[in-house]
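Chemist: Just passing along the structure, written as structure tokens.
The values are calculated or read from the model by the stated rules, or taken from the named source; none is laboratory data. Predicted, not measured: the structure shown is a model, and the values here were computed from it. Glycine gets a Cβ as well: all are built from the backbone with ideal geometry, and neighbour counts include every protein chain shown.
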Amino acid sequence: METRRTYTPRASEVTHNWVVLDAAGRPLGRLAGQVAQLLKGKHKPSYSPHLDVGDYVVVVNAARVGITGKNKPQQKMYYRHSGYLGSLRAVSLEQMMARRPERVIEHAVRGMLPKNSLGRSMFRKLRVYAGPDHPHRAQVGEEVTVTND
């Protein structure tokens, strides 16, 4: 009787491709969900939850990402705290988009990744740029752009 075994890829067998996503006009949550899926590698047949098999993702036009809801830019807040008493800082989505639009996408994607060392290694493969230009043309080779489906 033949025994069947589940195939698990080794870390040395994993290939990481480069994918470019255009954020212009796409809803923030849907874009972040697609980016998280690409970073995890769930689109690959060799997906394994305990290995980092995902691709490198470059997001361009972060300043033009779509926000649903007319009051969301003023009402959605991003909080950070240094640990000292009274040092809670709050920044609205509108202010964050004006100062650092890359951080809006990074924050949304980080929340969708695992909260452990594997998630941190996945997050390191994300590159976000406010404009249409990025310095990763050599890694991408031919422009592999995922369409806005």
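Chemist: Filter the stretch 1-20 down to the residues that are surrounded by 10 or more Cβ atoms within 10 Å (Cβ to Cβ) and of a type in the set (S, T, N, Q), then identify the one that is farthest from Ala32 (Cα to Cα).
Modeler: Checking each candidate, the answer is Thr8.
Chemist: Any idea which of Gly25, Gly111 is over 27 Å from Ala138 (Cβ atoms), in contact with a strand residue (DSSP E or B) (Cβ under 9 Å, 6 or more places away or on another chain) and exposed (fewer than 15 other Cβ atoms within 10 Å of the Cβ)?
Modeler: Gly25
Chemist: Residues of the stretch 81-106 being in contact with a strand residue (DSSP E or B) (Cβ under 7 Å, 6 or more places away or on another chain) and exposed (fewer than 14 other Cβ atoms within 10 Å of the Cβ), which ones?
Modeler: His81, Ser87, Leu88, Arg89, Ala90
Chemist: Could you please let me know if Arg120 is at pLDDT 95 or above and part of a helix (DSSP H, G or I)? Step through it out loud before you land on a result.
Modeler: Values: at pLDDT 95 or above: yes; part of a helix (DSSP H, G or I): yes.
So Arg120 passes the test.
Chemist: While we're on this one: If you check Tyr84, Tyr56, Tyr79, which single one turns out to be closer than 20 Å to Ala36 by Cβ and not aliphatic (A, V, I, L, M)?
Modeler: Result of the check over Tyr84, Tyr56, Tyr79: Tyr56.
Chemist: Ok, one more. Check whether at least one residue in the stretch 71-91 is part of a loop (DSSP other than H, G, I, E, B), aromatic (Phe, Trp, Tyr), farther than 17 Å from Val14 by Cβ and touching a residue at least 60 places away in the same chain (Cβ under 8 Å), and report yes or no. So that I can check it myself, show each step before the final result.
Modeler: Within the stretch 71-91, the subset part of a loop (DSSP other than H, G, I, E, B) is 71, 76, 82-87.
Within this subset, residues satisfying the condition of being aromatic (Phe, Trp, Tyr) are 84.
With farther than 17 Å from Val14 by Cβ added as a condition, the list becomes 84.
When the remaining residues are screened for being touching a residue at least 60 places away in the same chain (Cβ under 8 Å), the result is none.
No, the stretch 71-91 contains no residue that is part of a loop (DSSP other than H, G, I, E, B), aromatic (Phe, Trp, Tyr), farther than 17 Å from Val14 by Cβ and touching a residue at least 60 places away in the same chain (Cβ under 8 Å).
Chemist: Could I ask something else about it? List the pairs whose first member sits in the stretch 1-19 and is farther than 16 Å from Ser121 by Cβ, whose second member is among the aromatic types (Phe, Trp, Tyr) and outside any loop (DSSP other than H, G, I, E, B), and whose Cβ atoms are under 6 Å apart, counting only residues at least 6 apart or on separate chains?
Modeler: Sorted first by the residue in the stretch 1-19, then by its partner, the pairs are Trp18/Tyr56.
Chemist: For the structure I just gave you, tell me whether Tyr47 is in a loop (DSSP other than H, G, I, E, B), within 24 Å of Arg99 (Cβ to Cβ) and among the aromatic types (Phe, Trp, Tyr).
Modeler: Against the criterion (in a loop (DSSP other than H, G, I, E, B), within 24 Å of Arg99 (Cβ to Cβ) and among the aromatic types (Phe, Trp, Tyr)), Tyr47 does not qualify.
Chemist: Ala63 versus (1) surrounded by fewer than 14 Cβ atoms within 10 Å (Cβ to Cβ); (2) closer than 26 Å to Leu38 by Cβ: which is the lone unmet condition?
Modeler: (1)
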